[in-house]
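Colleague: Take a look at this one; I'll ask things after.
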Amino acid sequence: MWKFLQEHWNDSIEILLLATCIYQIYRAFRATRAAQILVGLGAILIFLTLVSTVFRFEVIQWIITRAAAILAFALIVIFQPELRNGLARLGSNRLFSFSSKRRLAFLERFADAVINLSKKRIGALFAIQRDISLKEHLDSGVVLDAEFSPELAMTVFHPKAPLHDGGMIIADDRVAGAACVFPVTEREMNDRSTGLRHRAAIGLTERTDAIAVVVSEETGNISICENGVLQRNLTEKQFREKIEEIFFSGKSSHETDPAPQLDRKDPLTPSGDRDLVSD
């Protein structure tokens, strides 16, 4: 056994590296339309290859051999947007991330925006994309592709703004789109006061791994929904701590770049100033 390990230790490392790469690629592309189509095409090719090999269909074997290279090039061209987004998610994975400063800066701006919306009692619904793509829901709204800021969130969700009705999708710490339609949960809700925004947040997080944040228009209460579980009536401190917990819980406290507390003050509502939006 020791002799075998000495002769083949490099094979074990090679297998481990290949398995890690394949798994990371799978995580990056698993929820995209390209992945679904590629799985279907792969299943068809495997089936035809097995059939042609068993029954010796020489014509089918010749077609598969000649078409494989052309098909690979065609798929790269056809699914270029999905491949680009998948590679971007792969590059932003924690395994390849060397600093949390960029994510922390976004979370600070996001927490400021949600708290300001809560103080003004402006209803809002946010969906922060994680591993599973929200492209299907983005197509139902208006594509923006803008840097997130509290001012932008306040403008979008202003009651008289054309994009206020619907949800805002945030992907890679940028605003991907607004006025997006999210699926409403079908399960029975014990609390009849649960509004449509909250039900949409539950429905979206039941189907994806996104994080949904809701600001109630009636009360200004802040809620966070993850995996279909809704946590309501969070205080400002609780909200900041929960957001930090969700996005930094996997981060070791012994790392050299720890995530500090989200303790920025409200930049949009200095004391004594008049409200930006009238009651």
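The values are calculated or read from the model by the stated rules, or taken from the named source; none is laboratory data. Not measured: the values here are computed from a predicted model. With ideal geometry, Cβ positions are generated from the backbone for all residues, glycine too; neighbour counts draw on all protein chains shown.
Colleague: What residue, among those in region 165-186 that are surrounded by fewer than 20 Cβ atoms within 10 Å (Cβ to Cβ) and touching a Leu at 6+ places or on another chain (Cβ under 8 Å), is modelled with the highest pLDDT?
Modeller: Only one residue fits best here, namely ALA179.
Colleague: Of the residues in region 172-204, how many are over 19 Å from the mean Cα position of the chain (by Cα) and among the aliphatic types (A, V, I, L, M)?
Modeller: The number of residues fulfilling the criteria is 2.
Colleague: While we're looking at this one, here's another question. Please determine whether any residue of region 157-171 is outside any loop (DSSP other than H, G, I, E, B) and over 16 Å from the mean Cα position of the chain (by Cα).
Modeller: No: region 157-171 contains no residue that is outside any loop (DSSP other than H, G, I, E, B) and over 16 Å from the mean Cα position of the chain (by Cα).
Colleague: Oh, and also: Looking at region 117-130, is at least one residue surrounded by fewer than 22 Cβ atoms within 10 Å (Cβ to Cβ) and over 21 Å from LEU196 (Cα atoms)?
Modeller: Scanning region 117-130 turns up at least one residue that is surrounded by fewer than 22 Cβ atoms within 10 Å (Cβ to Cβ) and over 21 Å from LEU196 (Cα atoms).
Colleague: Is it fair to say VAL277 is outside the structural domain of ALA178 (by TED's automatic domain parsing) and either modelled with pLDDT under 90 or over 18 Å from ILE170 (Cβ atoms) (or both)?
Modeller: Yes.
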